[in-house]
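Heads up, the thing below is written out as structure tokens.
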Amino acid sequence: MARHSSSPSIASPPPESQFRCGFVALVGRPNVGKSTLLNALVGSKLAIVSPKPQTTRTRLLGIKTLPQAQLIFVDTPGIHTHAGPLLNRRMVEVALSALAETDITVLVIDAIRGIMPEDQEIARRLSNSQQPVIIALNKIDRVTKAKLLPVLEQLATLLPEREIVPVSALTEENLPELMLLIIGSLPVSPALYPDDELTDQSERVLAQEMIREQVFLQTQQEIPYATAVLVEEFIEKPEKHVLFIRALITVERSSQRAIIIGERGARLKQIGQAARMQLEAFFGTKVFLELFVKVSKGWTNSAGHLKELGL
Ligand code: GDP
Ligand code: MG
């Protein structure tokens, strides 16, 4: 879908033949800030973000078109090495397959946590790569310089001769520098998407994700992971300046359904209100949102059901 956003222009337009374009994979452990970074680099909130790992389930493109380049970011579910139910395994497959189809990899590391065994594992996989790899050491807004140095040294040892950029996706510190490095590594190529295109996702899917984000933010423990959201109706009524959205929230057990609905519907109401505000801000119109909750036993382990949800 397309939508205009203001963007910092980085340089004056180069000759047509020097235009660069390519796919940039954002990879890393869950929760390091890949989705936040994608939103900040594209300049629009496309990917949902929560403090819980495994918020991102599918692959999402975020497209940034500048005078001299088009960067097509691929947000991936976090790569994590431990095995889990089918949903988790599918997420790892999606993340790894993204690597094969991209031109550049940006490895995102959480500076607060430092280098974890999973980061080392991902770095090992990337160290043999013929592709350009850039390391974004994220969340530096929360780390002192003294703590940053040893992490930088460790990274330089793990991935020698790769560029490392300390950044904050939250405060946007050093993002222009990261952007320039990425552009410098892109292949010379004409743009692959129209210059006002922001993502490959439909408005329906974006709405679905915004509702799911609220479920993630407003429920605890296993509930977020047992939840899927499907937008069943998405009707624009431009003459009335409203958007009507009906969505189905699927959980695994009736106890989870009760938790999502809350006492006399209180939690579902809160989820709906917060999602509606996000939707109204994004689509720039009034939104009517209807939410329903359904139980589907063991959907996270059912291949058929995952397919139905586009996972
Ligand atoms: P992902 O799982 O790698 O996609 O991570 P998310 O983008 O969902 O972010 C996970 C959490 O880290 C969220 O609570 C974000 O607000 C937080 N986060 C992301 N980037 C930054 C950053 O630069 N600084 C700080 N302090 N927090 C961040
Ligand atoms: Mg994410």
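Annotations
- Answer from P53, P77 - the residue that is out of contact with any Cys (no Cβ under 7 Å at 6 or more places or on another chain), at pLDDT below 90 and open to solvent by less than 10 Å² (accessible area, probe 1.4 Å): P77
- Test: residue in the stretch 111-123 that is surrounded by 18 or more Cβ atoms within 10 Å (Cβ to Cβ), assigned to a helix (DSSP H, G or I), modelled with pLDDT under 90 and within 15 Å of ligand 1 (Cβ to nearest atom): yes
- Test: residue in the stretch 211-234 that is in a helix (DSSP H, G or I), in contact with a Pro (Cβ under 8 Å, 6 or more places away or on another chain), at negative phi and free of Cβ contacts under 8 Å to residues at least 24 places away in the same chain: no
- Every residue from the stretch 32-63 that is near ligand 2 (Cβ under 10 Å from one of its atoms) and among the small types (G, A, S): G33, S35, A47, S50
- Residue in the stretch 86-95 that is more than 16 Å from ligand 2 (Cβ to nearest atom) and surrounded by 13 or more Cβ atoms within 10 Å (Cβ to Cβ) present: yes
- Residue in the stretch 207-220 that is more than 20 Å from A47 (Cα to Cα), open to solvent by 60 Å² or more (accessible area, probe 1.4 Å), within 21 Å of the chain's Cα centre (by Cα) and at pLDDT below 95 present: yes
The values are calculated or read from the model by the stated rules, or taken from the named source; none is laboratory data. Remember, predicted model here, so these are calculated numbers, not experimental data. Glycine also receives a Cβ, built like all others from the backbone with ideal geometry; neighbour counts cover every protein chain displayed. Quick note on the areas: whole protein, heavy atoms, side chains included, nothing else; ligands and nucleic acids left out. Shrake-Rupley method; radii C 1.70, N 1.55, O 1.52, S 1.80 Å.
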